[in-house]
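The numbers here are math on the coordinates, done by the rules we state, and not lab data. In this text, all values refer to a predicted model and were calculated from it rather than measured experimentally. Please note: Cβ atoms are built from the backbone with ideal geometry, for glycine as well, and neighbour counts cover all protein chains shown.
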């Protein structure tokens, strides 16, 4: 078994060293950028449809950004506590957004809105939200509102279900909060 693990590791390591890496299209000191990396950056920029002159401008800005980032690393700014805190917050927010987006897509497949629900919502809100508007005019708008409400309810239920089986201890006093009743 041990030999199998060693052989597997050797193959993985040797496979990685033989992997063909694209030749750099841009070399900025010790920074190498492939054509694909540059193209990906260009495609996610406002210059993606700007023609030859726009691509050229983007190239100059791209190089300047890489040089500034390299200098920031040299100065140790990439290890600055506030920077690391900001990165952690960005990572958490991005991951949370991705997880919620996927869950909403998954839950939305099962969401149905009936005509009865739409008529009930319209009747309940006609005097405040839909003055002088008939149901056919606002039908799609109401359906969208109800779908959003149901998505929120589903996400809340899912979030609550994640707490099941997880021990959560809160020291309200340390947090300066009043304990839930």
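Between the helical axis of 135-162 and the longest alpha-carbon principal axis of the chain there is an angle of about 60 degrees.
What is the distance in Å between the Cα centroid of segment 74-88 and that of segment 109-135? Distance between centres, Cα-based: 50 Å. Helix 115-129 and the longest principal axis of the C-alpha atoms of the chain enclose an angle of approximately 80°.
Using 1/(1 + (r/R0)^6) with R0 = 30 angstrom and r between the beta carbons of residue 137 and residue 39, what's the FRET efficiency to the nearest 0.05? For residue 137 and residue 39, the calculated efficiency is 0.05.
Stretching residue 163 away from residue 25 to a fully extended chain increases their span by 44.7 nm, per 0.36 nm per residue minus the current alpha-carbon distance. In the distance distribution for the chain, Cα-Cα pairs more than 19 Å apart total 81 percent.
A simple spin-label model places the labels of residue 32 and residue 82 3.6 nm from each other, with each point 7 Å out along Cα-to-Cβ.
Approximating the spin labels as points 7 Å out from Cα along Cα→Cβ, the residue 149-to-residue 89 distance works out to 3.5 nm. Could you work out how far helix 51-74 tilts from the main Cα principal axis of the chain, as a 0 to 90 degree angle to the nearest 10? Tilt of helix 51-74: around 80 degrees.
Computed from the C-beta positions of residue 179 and residue 128 and an R0 of 35 Å, the FRET efficiency is 0.40 to the nearest 0.05.
A crude spin-label estimate for the pair residue 63 and residue 105, with each label 7 Å from Cα along the Cβ direction, gives 3.9 nm. Note on segment 100-163: Rg/Rh from C-alpha atoms, Kirkwood Rh, equals 1.08.
Relative contact order for the chain: 11 percent, from Cα pairs under 8 Å spaced at least 6 residues apart, divided by residue count.
Computed from the C-alpha gyration tensor, the three semi-axes of the ellipsoid equivalent to segment 21-81 are 23, 15, 10 Å, from longest to shortest.
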